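Notes for the one structure printed next.
The values are calculated or read from the model by the stated rules, or taken from the named source; none is laboratory data. What you see is a predicted model, and the numbers here were worked out from it, not measured in a lab. Positions of Cβ are generated from backbone atoms using ideal geometry, with glycine treated the same way; all protein chains shown enter the neighbour counts. Side chains are part of the model used for accessible areas, which takes the heavy atoms of the whole protein and leaves out ligands, DNA and RNA. Shrake-Rupley method; radii C 1.70, N 1.55, O 1.52, S 1.80 Å.
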Amino acid sequence: MVEKVQKIWMDGSFVDWDKATVHILTHTLHYGVGVFEGIRCYETHDGRSAVFRLREHIRRLFDSAKICSMSIPFTQEEIIEACLETIRINKLRECYIRPIAFMGDGAMGLGAVNPTRIAVIVWKWGAYLGEEALQKGIRAKVSSFTRPGLNMLMSKGKVVGHYVNSVLAKREAIACGYQEAILLDAQGKVAEASGENIFLVREGVVHTPPLGSPILAGVTRDSLITILKEDLGIPLVEREIARDELYVADEIFLCGTAAEVTPVREVDERRIGEGSRGPITKRLQDRYFEIVRGIRPLRPEWLTYV
Ligand code: PPE
């Protein structure tokens, strides 16, 4: 259960947690056209709180809205400020931030264009796949569900309805005793996990599917690519990946705002590498946490202090 906080920002003002409700005819509830973000705020080493790559997440929220032909009745700056204010008013040192823009009620039917509504919710969210997952890695299953192709759903948008595919894959994986699902695209190439981008390591080189694949352009993915190239000097290739390349990888890890950097120790009953967190995964994970917590102030522009 999500632990309640005091206030939620809705359409420009704060409302009590229990009053942040919508009408049953909310268009997005029926047809899935809404867009959202997931962002983390960390307590940094000096006790101040900072939001990781807030500007990039809000840019993507507006990009997702544009992809869906939705207009958001606020500027990006206003939504950035709403996120920061929501953290301040609820006095949270660390939290997950969920901005969501949706079509309100009014007209029904697919052609209806109701005014866009927007809210920002914050709550405490610990390790997405568990603390142990970060240390030891998870077991994953290649899903029986396919990631929709590039012209089926718009993969660069973080759109409410897209998550039906992710939820089906995740539920199947859990029902089969795994922690996460890895989805292939319609051509059988590796796409991404249900809520994370995916990387593999082989012979010291890191590989990840390109943005031309039907994957979300993850902010964490982009951060890790930058860290690999610019800080760690580890070679990185963005290219299409076949399913069985996963089976013979030396290391695999997933990344996302919620999942952070999570090692994968097994895929479809094949042990990956030594069956534990690999050395490159560990270096990248350590560096990621040092950056989000401001311990290594290499990229101050990535942190927005609350
Ligand atoms: N792919 C998908 C499908 C996805 O949902 C996410 C984020 C990512 C990749 C990674 O993107 P980024 O967070 O920008 O690095 N998934 C969010 C969903 C969490 C949830 O269960 O809700 C997240 O990590 O916040």
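How long is the gain from Val205 to Tyr163 if the chain were fully straight, where each residue apart is worth 0.36 nm and the alpha carbon distance is subtracted?
Separation in residues times 0.36 nm, less the Cα-Cα distance, equals 12.0 nm.
Among the GluC sites (Glu not before Pro) found in segment 1-100, those both in a DSSP coil and sparsely packed, with 10 or fewer other Cβ atoms within 10 Å of their Cβ, are Glu3. Computed over Cα pairs, the Kirkwood radius of segment 131-292 leads via Stokes-Einstein (1.567 mPa s, 4 °C) to a diffusion coefficient of 84 µm² per second. The value of relative contact order for segment 7-123, using C-alpha pairs under 8 Å at least six residues apart, is 37 percent.
Between segment 18-45 and segment 99-113, the alpha-carbon centres lie 14 Å apart.
Could you tell me the relative contact order of segment 131-292? Use alpha-carbon pairs under 8 Å, at least six residues apart, and round to a whole percent. Walk me through the numbers on the way to the answer.
On the way: 314 pairs, mean separation 41.5, N = 162.
Computed value for segment 131-292: 26 percent relative contact order.
Accessible surface computed residue by residue for segment 131-292, with neighbouring protein chains in place and a 1.4 Å probe, gives 40 Å² per residue. Pairs from the table (Lys7/Lys91; Lys91/Lys124; Lys7/Lys124; Lys66/Lys158; Lys189/Lys282) lying more than 18 angstrom apart at Cα are Lys189/Lys282. Between Gln6 and Glu81, the FRET efficiency estimated from the beta carbon spacing at R0 = 22 angstrom works out to 0.75. Once Rg and the Kirkwood radius are both taken over the C-alpha atoms of the chain, their ratio Rg/Rh works out to 0.96.
Using a probe radius of 1.4 angstrom, the carbon and sulfur fraction of the accessible surface of segment 211-279 is 45%. Considering all C-alpha pairs of segment 78-168, those separated by over 14 Å amount to 78%.
DSSP beta bridges fully contained in segment 171-274 are about 85 percent antiparallel.
How large is the accessible surface per residue of segment 7-123, computed with a 1.4 Å probe and reported in Å² as a whole number?
Details: 5320 Å² over 117 residues.
Result: 45 Å² of accessible area for each residue.
Label sites at Glu301 and Thr226, each approximated as a point 7 angstrom past Cα along Cα to Cβ, lie 0.7 nm apart.
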